[in-house]
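Here's the structure we're looking at; comments come further down.
The values are calculated or read from the model by the stated rules, or taken from the named source; none is laboratory data. Note that the coordinates shown come from a computational prediction; the quantities given were computed from them, not determined experimentally. For neighbour counting, all protein chains shown are included, and Cβ atoms are generated from backbone atoms with ideal geometry for every residue, glycine included. In case anyone asks, the SASA skips ligands and DNA or RNA and just uses the protein heavy atoms, side chains included. Shrake-Rupley method; radii C 1.70, N 1.55, O 1.52, S 1.80 Å.
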Amino acid sequence: MSRNAAANPFAPEDRAAAPPLRDPAALPRLGWTLAALTVLWPLLQLARFDPAALFESGNLAAMGHFVGGFLPPETSPEFLALLGKATLETLAMATAGIALAVLLAVPLGLTLTRSLSVSRLGPGRGGWVGQVLRSLARGLLAVLRGVPELVWALLFVRVFGLGAAAGVLALGITYGGMLGKVYGEILESSDDRPTRSLLEAGSGRLAALFYGLLPNAARELVSYTVYRWECAVRASVVMGFVGAGGLGQLMDQSMKMLNGGEAATILATFLVLVLAADGLSESLRRRMA
Amino acid sequence: MGFSLDAVGFTHANGYRALQGIDLRVAPGERLALIGASGAGKTTLLRVLAASLRPDEGRVRLLDADPWAGSPRALRALRARIGLVHQAAPIPPRQRVVTAVLAGRLGQWPLWKSLASLVVPADPEGARRELARLDLAERLFERCDRLSGGQLQRVGLARVLYQRPDLLLADEPVSAMDPALSELTVALLNEEASRRGVTLVASLHAVELALRHFPRVVGVKDGRILFDLPAAAVSDAQLRELYAAEGGRPGLAASTAESPLRAGELPLRCA
């Protein structure tokens, strides 16, 4: 509700009383920008970030030698057959991992979403229950994604042995944490008025979610999920190094045997997968537009 | 049925006192218009009546119930019986008109029915009937972002009509419509309320519309009720006071562009 905001244009004598035209937000903004820079600079120093080193001649030659070892890419039929099998395994691992992650993320993300909180409408009873639940969910999500998938994978390899199962579980847990957090944030930042008005008309929370929030948020949710699937495909490399199967394990073997050509073909496969994920995301977004 | 407010006050989180000392008793089936300058507290008052804002002071009884004394379940059931037409229809742009209208009954339908209705609309005939009364029947399966502002406002109205509430509230329901359509729409709201015998409260910028269509008119100024009279008894002097600029106070400029008013040239609408 706007109230008494603008001076009456028909009453010029009011202008004298109007506040000066300096933006009251200007000073804090400048301050925060300076503060961010003062924090960032020592951090860069600490990280020994020195872009000039990239272009020193010795370093360039070393990198060139490393990259040169990847050429030409390996294209023998036996290797391609192996690659095909590993690609399928990776895709299966990423997809199953993301499916598990979504299962974890949806309830946790919905718990985080304040616009679905009925008690927020009017300070009714039990508002603190919701707050405690939200804090718990937030903490759980932080634990899930705070531990890197590699560590989860190392843990689960000890349970399930080498293979994709450990990778699926590790991906599902870490990515569940990430998806849940971002789902909650996407839902919170979408327009909450439709949901609010439905809740105010006595609708249940889930119905309000489907009728009020999802029509606006679905596109963002889908494209973030597809992007995470793409990340999962890439993450499976790292996990392959700890024996969780798929392209990563193949990559690990090739690197250990110093077979740069095979590694190059695997990298090319990754590129194709990433492009495919991008295309999938784009077409899904267009369909839902 | 009907409702009553006793000494109701509401202060926003930022310390702004939107309502103070509101006493209002409305019998079942009464129809009243709220008028007043923007920022006077009409929307806040309607939200208190919709059981969506809990006042800090005073007592509220809506449809023979105290909304804030019962269980959350009882509050939800009460909210399902109250319909509020919003000034800006709170409808996601990508939603289809049929879904937006059927959403009016989410408070009455079980969850499975609400979800199934997203796949196959549960009652397209019912939605079409309400839209037809607002001359929008042919837009049933269109997306809401294809509609004009006035059409969207009517879809929001159709949703509340479809809800069939026992207490019908409307916050500037015709602010995006042209004068002729405003006239028809306000008449339709009144006709619906009298036909079903439900209580109607509508806030209107267009004073003349309020005086012509509503038996009882309540003037709200600075969060208080300035007058509460039968429409015929509202005088020009009272209207002038209602919309008079509150100049003179430093740092608090007047907010009304409506003044000065004379009976013959009341603004029909002011969006």
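Summary of computed values
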{"quantity": "Any hit, the range B:82-90, residues being open to solvent by less than 10 Å² (accessible area, probe 1.4 Å) and either assigned to a loop (DSSP other than H, G, I, E, B) or within 9 Å of chain A (Cβ to nearest Cβ) (or both)", "calculated": "yes"}
{"quantity": "Members of the range B:142-162 that are of a type in the set (S, T, N, Q) and surrounded by fewer than 24 Cβ atoms within 10 Å (Cβ to Cβ)", "calculated": "B:Ser148, B:Gln151"}
{"quantity": "Residue in the range A:219-233 that is under 30 Å from A:Ile186 (Cβ atoms), surrounded by 19 or more Cβ atoms within 10 Å (Cβ to Cβ), over 16 Å from the mean Cα position of the chain (by Cα) and modelled with pLDDT of 85 or more present", "calculated": "no"}
{"quantity": "Which listed residue, of B:Asp178, B:Asp135, is on the phi > 0 side of the Ramachandran plot and more than 17 Å from the chain's Cα centre (by Cα)", "calculated": "B:Asp135"}
{"quantity": "Selection from the range B:67-81 of residues that are part of a loop (DSSP other than H, G, I, E, B), of a type in the set (A, V, I, L, M, F, W, C) and facing chain A (nearest Cβ under 8 Å)", "calculated": "B:Trp68"}
{"quantity": "Test: B:Glu130 is buried (at least 22 other Cβ atoms within 10 Å of the Cβ) and among the acidic types (Asp, Glu)", "calculated": "yes"}
{"quantity": "Residue under evaluation B:Arg143, criteria (1) over 18 Å from A:Ser197 (Cβ atoms); (2) out of contact with any strand residue (DSSP E or B) (no Cβ under 9 Å at 6 or more places or on another chain); (3) of a type in the set (Lys, Arg); (4) within 11 Å of chain A (Cβ to nearest Cβ), criterion not met", "calculated": "(2)"}
{"quantity": "Elements of type helices (runs of 4 or more DSSP H) in the range A:155-241, at least 3 residues being out of contact with any Gly (no Cβ under 9 Å at 6 or more places or on another chain) and more than 8 Å from chain B (Cβ to nearest Cβ)", "calculated": "A:164-189, A:214-241"}
{"quantity": "The range B:54-74, subset of a type in the set (A, V, I, L, M) and open to solvent by 20 Å² or more (accessible area, probe 1.4 Å), residue farthest from the chain's Cα centre (by Cα)", "calculated": "B:Ala69"}
{"quantity": "Conditions (1) hydrophobic (A, V, I, L, M, F, W, C); (2) open to solvent by less than 10 Å² (accessible area, probe 1.4 Å); (3) facing another protein chain (nearest Cβ under 10 Å): number failed by B:Val101", "calculated": "(3)"}
{"quantity": "B:Thr43 vs. criteria at the interface with chain A (Cβ under 8 Å from one of its Cβ atoms), hydroxyl-bearing (Ser, Thr, Tyr) and open to solvent by less than 50 Å² (accessible area, probe 1.4 Å)", "calculated": "yes"}
